[in-house]
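Participant: Sharing a structure below in structure tokens format, with a few things to ask.
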Amino acid sequence: MAEVENKQVIFKGYVERTPEERDMEIKVSKIKLEAPKGSGAFLVKNLYLSCDPYMRGRMRDVHDSYIPSFVPGQPFEGFGVSKVIDSDHPNFKTGDLVSGITGWEEYTLIHRTEQLRKIQQDDDIPLSYHVGLLGMPGFTSYAGFFEVCTPKKGEYVFVSAASGAVGQLVGQLAKLHGCYVVGSAGTSQKVGVFYFIFGRIV
């Protein structure tokens, strides 16, 4: 089986300050384009990777979070869209498109297969949408707004962190639902960028 170079973004170590470029490094390793027999894993080529705010918390050495910290010396992890290159898993086959947690690298061998789902490809929907509107931010926004918040048309909806990946989608859902939206943002630049979405941000 062919062996190819695998460019990776490596997490160098835990930080309490604002992350900087020196906290990561580019490494090129070798990888075989196959899923080991009997592993139940599958190998993917990563097509799109998402950089999300929650990843900042994973750069700290904490153990009470809902998701584990990154491992120093290993590639960053995040949400992505990938294509299956080889599979030893009965539910995934070569050529499948998947979305979920993957490595910040060109190729990732997926062992925690429950963290990915198949994408039903539609030529009218860009694959990149599956790390945004049709990915974690979109699912969180939809469930939080319609299943938890459940506002009625005409009600006021306040969105904290309105410029974030989830917040900006909640604001748009609320406006489409006929609600009056007020959002908060951390800086004047964020207020200016997203003013047109909500109508009013404080």
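Participant: With Rg and Dmax of the Cα atoms in Å as the read-out, I listed (1) 17.8, 53; (2) 19.5, 61; (3) 17.9, 60; which label goes with the value calculated from this structure?
Facilitator: (2)
Participant: Let me spell out the model: positive unit charges on the Cβ of Lys and Arg, negative unit charges on the Cβ of Asp and Glu, origin at the Cα centre of the chain. What dipole size does that give, in debye rounded to 20?
Facilitator: About 400 debye.
Participant: Right, here's the next one. Which residue, chosen from 177, 95, 84, occupies the Cα position most advanced towards the positive end of the dipole of the chain, where the dipole is computed from +1 (Lys, Arg) and -1 (Asp, Glu) charges on Cβ about the Cα centre?
Facilitator: 177
Participant: Moving to a separate point now. Assuming a ≥ b ≥ c are the square roots of the Cα gyration tensor eigenvalues, decide whether segment 136-198 counts as rounded (a/c under 1.5), prolate (otherwise, with a/b larger than b/c) or oblate.
Facilitator: Cα axes put segment 136-198 in the oblate bin.
Participant: Let me ask something else about it. Segment 1-106: which GluC sites (Glu not before Pro) are DSSP loop and have at most 14 other beta-carbon atoms within 10 angstrom?
Facilitator: Loop-located and lightly packed - 16, 20.
Participant: Turning to a different aspect of this structure: Just list whichever of 45/93; 37/83; 45/118; 83/175; 12/37; 32/93 have alpha carbons separated by over 24 Å in the model shown.
Facilitator: Cα-Cα > 24 Å for 83/175; 12/37; rest within.
Participant: Quick one: compute a quarter of the convex hull surface over the Cα atoms of segment 1-100 and quote it in nm².
Facilitator: The Cα convex hull of segment 1-100, projected and averaged over all directions, gives 7.4 nm².
Participant: Below 8 Å, C-alpha to C-alpha, sequence gap of six or more: please give me the relative contact order for the chain in percent.
Facilitator: Relative contact order here is 16 percent.
Participant: Restricting to DSSP loop positions (anything but H, G, I, E, B) with no more than 16 other Cβ atoms inside 10 Å of their own Cβ, which chymotrypsin sites (Phe, Trp or Tyr not before Pro) remain in segment 53-145?
Facilitator: Passing sites in segment 53-145 are 66.
Participant: A follow-up question, please. Could you give the dipole magnitude of segment 116-159 about its Cα centre, charging the beta-carbon of Lys and Arg +1 and that of Asp and Glu -1, in debye to the nearest 20?
Facilitator: Dipole size: approximately 180 debye.
Coordinate-derived values only; no laboratory data. Note that the structure is a prediction, hence the values are computed from the model and not measured. Glycine gets a Cβ as well: all are built from the backbone with ideal geometry, and neighbour counts include every protein chain shown.
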